[in-house]
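For reference, the structure is listed below as structure tokens.
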Amino acid sequence: MNIERLNPITEEEAAAMVSRQTRDDLAERVMKTTPDDVPTSVRPGWSGRRRLLVGIPLAVTVATAAMIAVSVAEPDQRVGPVSVGPNRAEAAALSFRKEGDSLVVTVNDPVADPARYKKEFAAYGMDIDLTLAPVSPRRAGTLVFMETSEGGHLETILAEGRCGSEVCGVGVKVPMDYKGHARIVFGRAARPGEMYDEGPGDVPGEGVGLPDVPGHTVAEAWAVLGERKITRVLYRYVFRGSDRPYPDGLTRDQVKPEWYVHDALAGTDDQVILFVGPVKP
Amino acid sequence: MGPPDTRRHRFEEIYRTSHDAVLAYLLRRTENGHDAADVLAETFLVAWRRLDDVPDGDRARPWLFGVARRALANLHRGARRRTALSDRLRGELAHAHRHTERAADRHAERTADQAAVAAAFRSLPEQDREVLALAGWEGLDFGEIAVVLGCSRNAVRIRMYRARRRFARELSALGALGGREKEGEHEEEGERLKEGDGRAAPASKGGAA
């Protein structure tokens, strides 16, 4: 009876998965945070521990979307839109309306500077950081990340598939008495050339707009990437589980359009990495 | 808290010596590379913020496993902290679980006995699996496992003894190992384990598989 043999991975195998640069990058990023800094969002005046709510299962978000769709259809009092800041001619990035004991805040402009959202929330006395991150079309208008103060509960309004550059409708329902901080990231459609932020539930290749890519031909992948105006592509060779005889990758000229894509992922600096080979995975 | 350079050096040393071990720990216990990347970043962030609490030398590693374990538990409860810290790592680990599956295939060789051992192991309660894995995969001794689990050394002995007994019972129930593993042998072994604290002894000595 030897459970060592069940060990899914050795330390050496794990080590080989992470490049020196990535390893150093994480250490540097960690050390750039100040010792009292809780990652990304805690400031002085923060009360209590935070509750983190991310990676909410899809089933839950779908249920929320259904519930909200009903509540949005009800008659309600419109409070906004408001325009904050010096440029009054600029359309509001958010709209606010009262609904019972809550304010329903929806996004008008999904590609606005997050600082504008913050200001507009602040005008209503709310401490909320909202951003929209580029995601694959399937995930546009869904919740990517949410973090609230302890005891805080915010309902999100989803607009699945409708968060392109023109339409949106994602938002959040904030109780009037909510005094905590929140950080929320919704997905929006990516602009040409933009990589997708990956999130829970993504399938391989989704981060670069090639979901379900394994098994498709290189020509098909080129077509999709071309449409998205992604030009920086690195090629890695795969044949029977090995990268021999091209351990350092291939040039585009060496890649045949009829080959198959085994995998696709986002590299650094907006590059896509395609794992390709002559044999169907 | 020491001056900034001392802090940096200390952290770099801990990071350098423990990064791979913590990464392996996480890859063994997560379903995908994203989760492993997020928790790895979170673990070292905690280490940086609580640098004065990190034990010196060899004791740093089980302490980090303990932090990683709690972060994983949060993740499994649906509370994920995703930060920009791990973005790059996520990219590299995006497909890590496929590599681990391949590695598992290679190691396990898929003999009938191994399949039974795997099934028996999977059927154990999480806390049994954890003590067995900490000994067998991470190679920790009882004192180190106690640091990871935040309990006493004696409690680890008891947990390990019980885990081994349940594991043996599961194996017998599955008819694995051709009856070579008798309950009695494990009673005996359990007693021995109570005495001996040898590194990885619980997992590496059975030997019948």
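Within segment A:100-113, the set of residues being crowded, with 16+ Cβ neighbours inside 10 Å and acidic (Asp, Glu) comprises A:Asp109 only.
Counted as qualifying within segment A:53-139 are the strands (runs of 3 or more DSSP E) with 1 or more residues that are over 27 Å from the mean Cα position of the chain (by Cα) and at pLDDT 90 or above, namely A:94-99. When B:Pro55 is tested against (1) modelled with pLDDT of 90 or more; (2) touching a Gly at 6+ places or on another chain (Cβ under 9 Å); (3) surrounded by fewer than 17 Cβ atoms within 10 Å (Cβ to Cβ); (4) not hydrophobic (A, V, I, L, M, F, W, C), exactly one condition is not met: (2). Hey, can you tell me all the residues within segment A:149-179 that are more than 18 Å from A:Asn108 (Cα to Cα) and in contact with a Phe, Trp or Tyr (Cβ under 9 Å, 6 or more places away or on another chain)? Those that are more than 18 Å from A:Asn108 (Cα to Cα) and in contact with a Phe, Trp or Tyr (Cβ under 9 Å, 6 or more places away or on another chain): A:Ser149, A:Gly152, A:His153, A:Leu154. In the condition set (1) touching a strand residue (DSSP E or B) at 6+ places or on another chain (Cβ under 8 Å); (2) modelled with pLDDT under 75; (3) surrounded by fewer than 22 Cβ atoms within 10 Å (Cβ to Cβ); (4) β-branched (Val, Ile, Thr), A:Val208 is compliant with all but (3). Apart from one condition, B:Arg28 fits all of (1) more than 9 Å from every other protein chain (Cβ to nearest Cβ); (2) within 19 Å of the chain's Cα centre (by Cα); (3) of a type in the set (Lys, Arg); the exception is (1).
Tell me which residues, restricted to segment B:93-123, are more than 10 Å from chain A (Cβ to nearest Cβ) and modelled with pLDDT of 85 or more. Within segment B:93-123, just B:Ser123 meets the criteria. So the check is Cβ under 6 Å with 6+ separation or different chains; which pairs have a first residue in segment B:72-88 that's not assigned by TED's automatic domain parsing to the domain that holds B:Thr43 and modelled with pLDDT under 65 and a second one that's of a type outside the set (A, V, I, L, M, F, W, C) and surrounded by 14 or more Cβ atoms within 10 Å (Cβ to Cβ)? If the second residue must be of a type outside the set (A, V, I, L, M, F, W, C) and surrounded by 14 or more Cβ atoms within 10 Å (Cβ to Cβ), no pairs are left.
Kindly list, by first and then second residue, each pair from a residue in segment A:8-23 that is within 7 Å of chain B (Cβ to nearest Cβ) and in a helix (DSSP H, G or I) to a residue that is basic (Lys, Arg) and surrounded by 13 or more Cβ atoms within 10 Å (Cβ to Cβ), limited to pairs with Cβ atoms under 7 Å and residues at least 6 apart or on different chains. Pairs found: A:Thr22/B:Arg88. Criterion applied to B:Gly196, B:Gly190 was being at pLDDT below 85, surrounded by fewer than 19 Cβ atoms within 10 Å (Cβ to Cβ) and over 19 Å from the mean Cα position of the chain (by Cα), and the one residue passing it is B:Gly196.
The values are calculated or read from the model by the stated rules, or taken from the named source; none is laboratory data. Because the structure is predicted, anything quoted here is derived from the model rather than measured. A quick note on method: Cβ atoms are made from the backbone with ideal geometry, for glycine too, and the neighbour counts reach across all protein chains shown.
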